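Encoded as structure tokens, the structure appears first; notes follow it.
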Amino acid sequence: VNAQRWGVIGTGTISRTVVSDLQSCDGAEVVIVQSRDVEKANLFAEEFGIAAATGSIEELLADSSIDAVYIATPFATHHAIARQALLADKHVLVEKPLAMNAAEVEDLFALAAERGIFLMEAMWMKFNPAFRRLHAEIAAGRIGDPKSVRASFGIPQPPAMESRWDIARSGGSLLDQGIYPVTLAYSVFGAPLSVHAAGETREDGLDLAQHFTLEFSEGRFAQCASSMTTFYDLSAAVSGTEGWIALPGPFWARTKLQVHAGDTATIFHSPMAVELEREGNGYVPMLREVIAAIRAGVTEHPVHPAADTVAVFRILDAIRGQLVAPAG
Ligand SMILES: NC(=O)c1ccc[n+]([C@@H]2O[C@H](COP(=O)([O-])OP(=O)(O)OC[C@H]3O[C@@H](n4cnc5c(N)ncnc54)[C@H](OP(=O)(O)O)[C@@H]3O)[C@@H](O)[C@H]2O)c1
């Protein structure tokens, strides 16, 4: 089988991290990189041993030998670039958040389905070994009935991370950080019956921090928080009627978990500690599965399908709708 030919759009921080993992995967080859600045694209290509570089997304997409693209630009640009790529019949992997709201996400998945093309948000957390083990333990009944999720992602963003402070680029904590606790909560409980959120918003509407409770049937709930101005404990836990599972921080990137379940001594004093392997920079498990899904000819991935992505964005939209902009 020929290796898939991948193009990369954007040469920022995450692109560097993911491209080296993509290059370590069998079945895919990164053959071209795009930057808005062709000189930057050339340097990136040289550093990573990529054969071609371009200053133009249109040029990259016009090349019919390219099978798939990875989009790693600020998230306000994702919808437009992903749409362009789908219209050029490229399979598309887009950094999280896939787009700005549920309507944009639905639009992209409809287009991908219509054209028979693979589309996925690069929600790597769901492919991480600790996350999968968490769900395997829950499914095996280890903690009884899961009743609550607690998860937070608060890390002050340095002023130098300009795009994070710019509402027109990747500005705002909810879509950058809050998406992880929401995705975790949804993965355990599905869609909430109600959402209660509050937070802090900059004068221009940029959301700086939020805390929220998602409520589900039978008293089940998720309590979550995210912030780009202060630390919130980066761990998460899923608790049930017979124990709980702790994911040490940063919970979205971990290969470790602790299962507090079984007899009393185990629950309180010596939880089962699980440590799993980290592959590459941590993105390899996701990339391997994306490559296989594209090869299999499916349009979405069962681990992070369209329906889940849309449902998470509906929750994000509901949270955002409750964050009040400061007066004046
Ligand atoms: N999965 C993860 O662990 C993870 C971690 C961090 C970030 N992310 C996500 O990845 C995406 C990119 O994040 P990042 O930290 O890499 O962001 P970034 O460094 O601010 O931007 C990434 C690149 O996008 C390109 N770009 C295109 N249009 C741009 C514009 N209008 N302004 C600035 N840059 C533009 C730039 O590359 P050129 O100059 O070459 O055009 C830039 O280097 C975001 O959606 C973010 O949420 C994911």
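Nothing in this text is a laboratory measurement; each read-out follows from the coordinates by a stated rule. Everything numeric here is computed off the predicted structure, so don't read it as measured data. Here Cβ is always computed from backbone atoms with ideal geometry, including for glycine, and neighbour counts include all displayed protein chains.
Measuring nothing but how far apart in sequence close Cα pairs (under 8 Å, 6+ apart) lie, relative to its length, the stretch 38-109 scores a relative contact order of 25 percent. The label-point distance for ALA325 and GLN223, in a model that sets each label 7 Å from Cα toward Cβ, rounds to 3.1 nm. In this simple spin-label approximation, ARG278 and ILE167 carry label points 7 Å from Cα along the Cα→Cβ vector, and these lie 3.6 nm apart. The value of relative contact order for the stretch 1-160, using C-alpha pairs under 8 Å at least six residues apart, is 17 percent.
Rounded, prolate or oblate for the stretch 87-185? Axes are the square roots of the Cα gyration tensor eigenvalues, ordered a ≥ b ≥ c, and the cut-off for rounded is a/c under 1.5. In terms of gyration-tensor shape, oblate.
In what sequence do HIS304, HIS79 fall when counting other Cβ within 10 Å, fewest first? Please list the in-between numbers first.
Details: HIS304 25, HIS79 19.
If I rank by nearby Cβ atoms, fewest first, I get HIS79, HIS304.
The ranking of LEU206, LEU86 by Cβ neighbour count inside 10 Å, starting from the fewest, reads LEU206, LEU86. Orientation-averaged projection of the chain equals 17.3 nm² [convex hull of Cα atoms, one quarter of hull surface area]. Separation of the stretch 291-318 and the stretch 74-142 by C-alpha centroid, Å? Using only Cα atoms, the two centres lie 5 Å from each other.
Each of VAL33, ILE138, ALA292 was scored by the projection of its Cα onto the charge dipole of the chain, and the greatest displacement toward the positive side belongs to ILE138; charges sit on the C-beta of Lys, Arg, Asp and Glu. Of all DSSP beta bridges confined to the chain, the antiparallel ones make up roughly 55%.
If each residue's Cβ is checked for other Cβ atoms within 10 Å, how do VAL33, VAL195 rank with the fewest at the top? Don't jump to the answer; show the numbers that get you there.
On the way: VAL33 28, VAL195 20.
In increasing order of surrounding Cβ atoms, one gets VAL195, VAL33.
Given the rule -39500 (n - 2.57) for each run of at least 4 DSSP H residues, summed and divided by the residues of the chain, what is its mean residue ellipticity at 222 nm, to the nearest 500 deg cm²/dmol? Can you show the working numbers first?
Values: 10 runs with 109 residues, N = 328.
Here the helix-only value at 222 nm equals -10000 deg cm²/dmol.
Look at the dipole of the chain built from charges on Cβ: of VAL105, PRO326, PRO181, the Cα furthest out on the positive end belongs to PRO181.
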